[in-house]
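Got a structure for you, written out below as structure tokens; questions coming shortly.
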Amino acid sequence: MDIENKGYTLEVVNYASKEKQAKVYLKPMSLYVPDIAVQALNELVENLASKENAPKGFVVTVTNNNNGVSVDKNLATLAELHDATTAADTVKDLINIVRGYDTDEEVNVCGW
């Protein structure tokens, strides 16, 4: 029985306009490389039409498309999204949280 890998979705949303850009990564571990994570976020932000006018900030979301687990983080400004360290750490932290849910489900099996 083959299980299809649906990958992880990385998404950026302008909180004020609700405009979003997303991309699916079949090998999300590549996003652990800081330069790749920064490039991925920058690509999504550049495709937002309303990126300059974001008084309420942005939301970065990582979703495991295989099981629907999704986590997000709010970033107050465009500058935070463009900061290489913040961008790389945000993506890495979100992936780790999503992966933590996967591990938790496998380890904590309840027989009720």
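For the stretch 52-101, take the alpha-carbon Rg, divide it by the Kirkwood Rh, and send me Rg/Rh.
In the stretch 52-101, Rg relative to Rh is 1.03.
May I pose another question? Leaving out ligands and nucleic acids, note down the accessible area per residue over the chain with a 1.4 angstrom probe, in whole Å².
I get 61 Å² per residue for this part.
Once you charge only the Cβ atoms, +1 for Lys and Arg and -1 for Asp and Glu, what is the size of the charge dipole of the chain about its Cα centre, to the nearest 20 debye?
Details: 10 positive and 17 negative charges, 54 e Å.
The dipole magnitude comes to about 260 debye.
For the charge dipole of the stretch 4-85, defined by +1 on Lys and Arg C-beta atoms and -1 on Asp and Glu C-beta atoms about the Cα centroid, which residue among ALA49, THR85, VAL59 has the Cα displaced farthest towards the positive pole?
Value: VAL59.
Of the lysine pairs in the chain, how many meet both conditions: Cα atoms under 16 Å apart, and a spacing of 8 or more in sequence or different chains?
12
OK, next. Counting each pair of different Cα atoms once, what's the Kirkwood radius of the stretch 1-40 in Å, rounded to one decimal?
Numbers: mean 1/r = 0.0852 Å⁻¹.
Value: 11.7 Å, from the Cα pair sum.
Could you compute the longest span of the chain free of GluC sites (Glu not before Pro) located in DSSP loops and having at most 16 other Cβ atoms within 10 Å, not counting the site residues? Present the calculation step by step, with values, prior to reporting the outcome.
Numbers: sites that count: GLU4, GLU19, GLU52.
For GluC sites (Glu not before Pro) (loop position, at most 16 other Cβ atoms within 10 Å), the longest site-free span of the chain is 53-112.
Could you give the Stokes-Einstein D for the chain in µm² per second, using the C-alpha Kirkwood radius, 10 °C, 1.306 mPa s?
Roughly 109 µm²/s, to the nearest whole number.
Filter the chymotrypsin sites (Phe, Trp or Tyr not before Pro) in the stretch 12-95 down to the DSSP loop ones having no more than 14 other Cβ atoms within 10 Å, then list what survives.
none
Right, something else. Can you tell me, using C-alpha contacts under 8 Å and at least 6 residues apart, the relative contact order of the chain as a whole percent? Write out the running numbers ahead of the final one.
Details: 183 pairs, mean separation 31.2, N = 112.
Once divided by the residue count of the chain, the mean separation gives 28 percent.
Okay, helix-only estimate at 222 nm for the chain: each DSSP H run of n ≥ 4 adds -39500 (n - 2.57), divide by all residues, round to 500 deg cm²/dmol; what do you get? Walk me through the numbers on the way to the answer.
Values: 3 runs with 42 residues, N = 112.
My calculation for the chain gives -12000 deg cm²/dmol from helical runs alone.
Could you give the angle, 0 to 90 degrees to the nearest 10, between helix 34-46's Cα long axis and the longest principal axis of the Cα atoms of the chain?
60 degrees
Now for a separate question. Round to the nearest 10 and report in Å² the accessible area of ASP93, as given by a 1.4 Å probe over the protein chains' heavy atoms.
Counting only protein heavy atoms, ASP93 exposes about 70 Å² to solvent.
GNM, the chain, Cα, under 10 Å: largest mean-square fluctuation among ALA76, ALA37, ALA22?
Looking only at ALA76, ALA37, ALA22, the largest GNM fluctuation is found for ALA76.
Taking θ as phi - 60°, what are the ³J(HN,Hα) couplings along the stretch 22-30 by the Karplus curve (6.51, -1.76, 1.60), each to the nearest whole Hz, with x for Gly and Pro?
Ordered by residue, 3J(HN,Hα) equals 9, 8, 9, 10, 6, 10, x, 5, 5 Hz.
Carbon-plus-sulfur fraction of the accessible area of the chain, 1.4 Å probe, in percent?
It is 52 percent, rounded to a whole number.
The values are calculated or read from the model by the stated rules, or taken from the named source; none is laboratory data. This is a predicted model, so every value here is computed, not measured. All Cβ positions, glycine included, derive from the backbone under ideal geometry; neighbour counts span all protein chains shown. Remember, those area values only see protein heavy atoms, side chains included, never the ligands or the DNA or RNA. Shrake-Rupley method; radii C 1.70, N 1.55, O 1.52, S 1.80 Å.
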